[in-house]
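Each value in this text was obtained by applying a stated rule to the coordinates, not by laboratory testing. Computed from a predicted model, the values in this text were never measured in an experiment. All Cβ positions, glycine included, derive from the backbone under ideal geometry; neighbour counts span all protein chains shown.
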Amino acid sequence: MSGASFSHGAYGPTLPAGYTLIATADMNGDGYPDYILYNTTTRHTVVWHLNNNTYKSSVSSPTIPNGWSLIAVTDFNGDGKPDYLLFNPSTGQTTIWYMSGATYAGGASGPTLPRGYVLAGAADFNRDGKPDLLLYNLSTRRTGIWYLNGATYAAGTYGPTIPAGWRISLCRLKRRHQQPISIATANRILSS
């Protein structure tokens, strides 16, 4: 991007059958974002290590338990390594899996969301260097932000109500310590 104009791009690797791209994060610390893939049938996750847009290697990652969804990948414990944020839509529970690369290294229960809300993503909304949760109410289309201290709820606020027919997504800015941008689109999620 150059301002608001598209300047150029590159195709990334083609995903294997049965897998969906869930998130991008630098899982091996080489400075390049990697793909976190999810197989909806086996519930297995895989990390594809990339060099820019080129596939380098893959490593098996944990299987997500039944009833849970992998929502976001970001550093929750401040160790510089991306972690998995999981959500159980039936119970409203959240949990954080602390990761060391593609390996599960421990976990913590996060806050339980109120009835009617789903977890839409995680980003540092208040610029304190810690990820926060973006909530979305499917019935009222109202958003909410829960500020976290690690895995613990610290405070919350309501966000805007998203117009009917639109979806919510998070977009990370390239420079560090910038406010994340929430983007609503009529047809598709622009980025996550």
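A few notes on this one:
- Placing +1 on the Cβ of every Lys and Arg and -1 on the Cβ of every Asp and Glu, with nothing else charged, gives the range 42-154 a dipole about its Cα centre of roughly 320 debye.
- Its Cα gyration tensor gives the range 90-167 an equivalent ellipsoid; the semi-axes, largest first and in whole Å, are 24, 14, 12.
- Whole-number percent relative contact order across the range 101-159, with pairs defined as alpha carbons under 8 Å at least 6 apart: 26
- Here the 3J(HN,Hα) profile of the range 132-147, calculated from phi with Karplus coefficients 6.51, -1.76 and 1.60 at θ = phi - 60°, is 10, 9, 9, 9, 9, 9, 5, 7, 8, 6, 7, 9, x, 10, 10, 7 Hz, Gly and Pro shown as x.
- Note on the range 1-149: Cα-only Rg and Dmax are 16.1, 44 Å.
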